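The next block holds one structure in the form of structure tokens; read it before the comments.
Every read-out reported here was derived from the displayed coordinates using simple, explicitly stated rules and does not represent laboratory data. A quick note: this is a predicted structure, and the numbers were derived from the prediction, not measured. Reconstructed Cβ throughout: ideal geometry from the backbone, glycine too, with neighbour counts over all protein chains shown.
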Amino acid sequence: MTVTFQPFDVPGAQTVHGNAFPYGLQLHCPDTASAGVPTVDEAVIALTSLAESGRLSELLQRHGAVLIHGIGHPAAETFARLINAVENARGAHPFVQIGLAGKRTLVAENVWTANEGPSDRRFYQHNEYSRYTRFPSNIHFYCEKKALQGGETPIAHSALVYEKLQATVPALVREVHQRGLAMKMVFRAPGHEGKGNEFNWAGKHSFGQEFKPGDDRDTQKRKAEAQVRKLTPTFRWLQDDTLELVQHIPGIRRAPASGRPVWFNGLVGRYGMTRDLGALDPPYLGRDGMTYLPCDYGDGTAIPAEYLQKLEEVVNSLEIDLCLEEGDLLLVDNLQVSHGRKPWTGERKILVSMWETDQSPMEAF
Ligand SMILES: [Fe+2]
């Protein structure tokens, strides 16, 4: 049975530099017995050939994000089969996480729960792991279960964010361009986590990758330090074994696919969440009991609050709220496109898969 793809207009899509963002592809199956829904095997074959031909990479580079509709059979296993086949065909490698600040569970091969933080908490726009110098080229989303209400997956085009910021808050763009950003992270010791988005430095995908059962605290700290150093030389241990680290990043980079400057950092994500948790002022303690240090310019000076407020307005104004249907696959070029999460009621299962491609490194702009 031949499965074909047909482009469709995604509700709310924008035109970015002449290209639809995101690009929509609908799977069509001529077999009437299956009511137009291909089998998982047929979908895997169709998507693999799209990837092998180079067409899928071309679409991702040009459009930044591709929404694939009509796959059917919503399940973690369906996502795993599809995404592993597609990324292997593109010659990509699974991204190995370091420094995870949240809860994620591996549910199938290279497939994770998106983030198990509370459903009433909004996640503002961020390119995945852009707060570090080590990040995946792609993050793909999959809807296994749609929320009763809300739970959209908003995305924004990072080249557009850069352009609108330059027009609206040119001083912020200029300062970040000249001084970069100092992204600060606080990881509590095991047993001292907050409530709601519990994580600590010992997490398997935070800095506990090499831990063995029975490791004492000093051994754990030594092993955690080796992982931290893969990200940054700038960190310290506090008396209660809290780990504070600072990662210096350019904040604005050049997207390899387009050569255009992109706003590439987790600044608005951190600002929005910290504000919502009431942690903007010293001692920067959130309602969830966690510490959220403000991010500074790279030279350690504070970013004025009014710039951060304008930044949030600009990013919010460019967000596209995608309502993923069960079985929908959203492929995202993490180097060009940021994502977030809207609150919801009921049960919602969004899964993610992160990959690295061998394309040229992402230079600072
Ligand atoms: Fe994310």
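Things to note:
- What you get for the chain, charging only the Cβ of Lys and Arg (+1) and of Asp and Glu (-1), is a dipole of about 820 debye around the Cα centre.
- The stretch 170-314: relative contact order in percent, alpha carbon pairs under 8 Å with at least 6 residues between: 31
- Estimated at 0.36 nm per residue, the fully extended path between D120 and E363 surpasses their Cα-Cα distance by 83.9 nm.
- Added length on full extension, which subtracts the Cα-Cα distance from 0.36 nm per residue, E210 to E325: 37.6 nm
- Pairs exceeding a 19 Å alpha-carbon distance, out of K184/K212; K145/K204; K103/K204; K103/K310; K164/K310; K195/K310: K184/K212; K145/K204; K103/K310; K195/K310.
- With both labels modelled 7 Å from their Cα along Cα-to-Cβ, the Q239 to E58 distance reads 6.4 nm.
- Summary value for the stretch 49-170: 22 percent relative contact order, contacts being C-alpha pairs under 8 angstrom separated by 6+ residues.
- Peptides 353-361, 241-249, 127-135 ordered by packing proxy, namely the average of other Cβ atoms within 10 Å per residue, highest first: 127-135, 241-249, 353-361.
- Length-normalised contact order for the chain - Cα pairs under 8 Å, 6+ apart - percent: 30
- Report summary: the helix-based calculation at 222 nm, which adds -39500 (n - 2.57) for every DSSP H run with n ≥ 4 and divides by the residues of the chain, gives -8000 deg cm²/dmol.
- With a cut-off of 19 Å on the backbone N, the residues of the stretch 306-328 near the modelled label site 7 Å out from D281 along Cα-Cβ are 306-309.
- Förster radius 25 Å - calculated FRET efficiency between Q14 and E225, Cβ distance, rounded to 0.05: 0.05
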